[in-house]
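Undergrad: Here you go, one structure.
The values are calculated or read from the model by the stated rules, or taken from the named source; none is laboratory data. These figures come from a predicted structure and were not determined experimentally. Counting neighbours? That spans all protein chains shown, and the Cβs are built from the backbone with ideal geometry, glycine included. Please note that ligands, DNA and RNA were not included when accessible areas were found on the heavy atoms of the full protein model with its side chains. Shrake-Rupley method; radii C 1.70, N 1.55, O 1.52, S 1.80 Å.
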Amino acid sequence: MLDEPIRVRCLACDTRLALPPKATYVACAHCGSEYVIARRGSAVTLQPLAPDELERVQAVAAVEREGEMGCANLGLSMLAAVTVLLCVIGGVGLQVFNSRAICTGTAALALVLVVIGAVVMRRNLAQTDQQRTELLAVQAATDPPLQHGDTEARTTKEGIGDDPE
């Protein structure tokens, strides 16, 4: 499956690593070695990081983290607003004024709020994706192409907890 982590071994200490499907960076928890993950088709290559590469990878990670946090915060804000609109205003309108019009109006307002929130989230995700693509394009332009004989990580289908061979 595409969502399953890819299993590789650290080039420095031979510890098993699990790479998330879209990861571009990995650090070995055992020895601390840091690698850029290069994918070509089904082949996965770990390339040790140089200091300038580490800065670029961290910039990409920061952009991704910022985008995820923005969406999470907006989603929680929308949930709170919809809850207030439907439960508090709609419930009070129905109980105090015995008016379904107030309840229906708050439901419509909540729906509009959800649509606006979804549009804002989509725009923010597009901006994050564009920033990430620009950073990765700079990284790809400065990375030398792999030569025959470069070290590749050994992939495995076995579990992470297995002992190294």
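Undergrad: Take the stretch 73-101 and flag every residue that is open to solvent by 60 Å² or more (accessible area, probe 1.4 Å), of a type in the set (A, V, I, L, M, F, W, C) and part of a helix (DSSP H, G or I).
TA: LEU76, LEU79, VAL84, LEU86, CYS87, VAL88, ILE89, VAL92, VAL96, ALA101
Undergrad: From the residues in the stretch 111-165 that are polar (S, T, N, Q) and modelled with pLDDT under 50, which one is surrounded by the fewest Cβ atoms within 10 Å (Cβ to Cβ)? First the steps, then the outcome.
TA: From the stretch 111-165, those polar (S, T, N, Q) are 124, 127-128, 130-131, 133, 139, 142, 147, 151, 155-156; that's our starting set.
Still in the running and modelled with pLDDT under 50: 147, 151, 155-156.
Details: GLN147: 6, THR151: 11, THR155: 13, THR156: 14.
The qualifying residue surrounded by the fewest Cβ atoms within 10 Å (Cβ to Cβ) is GLN147.
Undergrad: Could you list all residues from the stretch 1-48 that are in contact (Cβ under 8 Å) with a residue 60 or more places away in the chain, part of a loop (DSSP other than H, G, I, E, B) and loosely packed, with under 12 Cβ neighbours inside 10 Å?
TA: Of everything in the stretch 1-48, nothing turns out to be in contact (Cβ under 8 Å) with a residue 60 or more places away in the chain, part of a loop (DSSP other than H, G, I, E, B) and loosely packed, with under 12 Cβ neighbours inside 10 Å.
Undergrad: Could you list, in sequence order, all residues of the stretch 55-71 that are buried (at least 17 other Cβ atoms within 10 Å of the Cβ) and under 15 Å from TYR35 (Cα atoms)?
TA: The answer is ARG56, VAL57, VAL60.
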